[in-house]
1. Under a 10 Å cutoff between Cα atoms, tell me which one of T78, T92, T101 has the largest fluctuation in the Gaussian network model of the chain.
2. Quick one: with all protein chains in place, what share of the accessible area of the stretch 53-143 is carbon or sulfur, to the nearest percent (1.4 Å probe)?
3. What is the distance in Å between the Cα centres of the stretch 41-75 and the stretch 93-127?
4. About the Cα centre, and with charges only on the beta carbon of Lys, Arg (+1) and Asp, Glu (-1), how big is the dipole of the chain? Nearest 20 debye, please.
5. Return the long-range amide H neighbours of G41 (sequence gap of 5 or more, or a different chain), with a cut-off of under 5 Å between placed amide H atoms.
6. For the chain, build the charge dipole from Cβ charges (+1 Lys, Arg; -1 Asp, Glu) around the Cα centre, then report which of A50, L70, G98 sits farthest towards its positive end.
7. With θ set to phi - 60° and the Karplus curve 6.51 cos²θ - 1.76 cosθ + 1.60, what are the ³J(HN,Hα) couplings of the stretch 56-71 in order, to the nearest whole Hz, using x for Gly and Pro?
8. How much solvent-accessible surface does V35 expose, in Å² to the nearest 10, with a 1.4 Å probe and all protein chains in place?
Amino acid sequence: MLALTGVGAGWKPARAQRLTVTEAGAGFYGAELGVARRPGGVGRFALTAAGGSYEGASGLRIAASAQFLLNPGDRTGTSLYGGVGIAFAAATSERGAGYLTALVGLESAPGRAAGWYAELGLAGGVRVSAGRRWRRLPSWWVR
């Protein structure tokens with residue numbers, strides 16, 4: 001009976017659960033660019049491209065991942081996230097290869113328009129990335 005009363009009174013799910021966000025990021029350590037989409041809830045789908053060096057030669061890595069955010073609507077503090085995905089890495093001195101990836105990261109205020117991030121990943125070796133994310137949030141959230 002209490003549940004029916006809540007529906008009749010106009011009860012709505014928590015706004016953080018419906019937060020849909022588009023993100024862009026730039027890694028300052030490891031020259032990385034990325035885009036991501038958070039379709040609502042605690043998930044994020046990301047695509048990144050990074051340049052760097054591999055044993056002294058120019059290299060490139062392209063990765064796609066599905067991530068889980070612990071606190072996607074937090075407007076202050078930090079939040080942990082983790083994910084899995086696939087990556088392709090190549091260098092001018094080496095033939096390219098595909099990898100399964102795993103990552104764990106920490107980001108500041110995922111419910112705000114911008115914040116920093118730091119990430120540790122495994123994909124044929126250890127990868128470290130740090131940078132800034134910009135988020136396009138729904139107008140109802142920014143108010």
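The values are calculated or read from the model by the stated rules, or taken from the named source; none is laboratory data. Not measured: the values here are computed from a predicted model. With ideal geometry, Cβ positions are generated from the backbone for all residues, glycine too; neighbour counts draw on all protein chains shown. Only protein heavy atoms, including side chains, enter the accessible area calculation; ligands, DNA and RNA are left aside. Shrake-Rupley method; radii C 1.70, N 1.55, O 1.52, S 1.80 Å.
1. T92
2. 61
3. Going from one Cα centre to the other spans 4 Å.
4. Details: 16 positive and 7 negative charges, 146 e Å.
Charge dipole, the chain, about its Cα centre: 700 debye, nearest 20.
5. Those lying under 5 Å, H to H, from G41 are R18, L19.
6. L70
7. x, 10, 5, x, 9, 9, 10, 9, 10, 9, 10, 10, 10, 9, 6, 9
8. Looks like 90 Å² after rounding.
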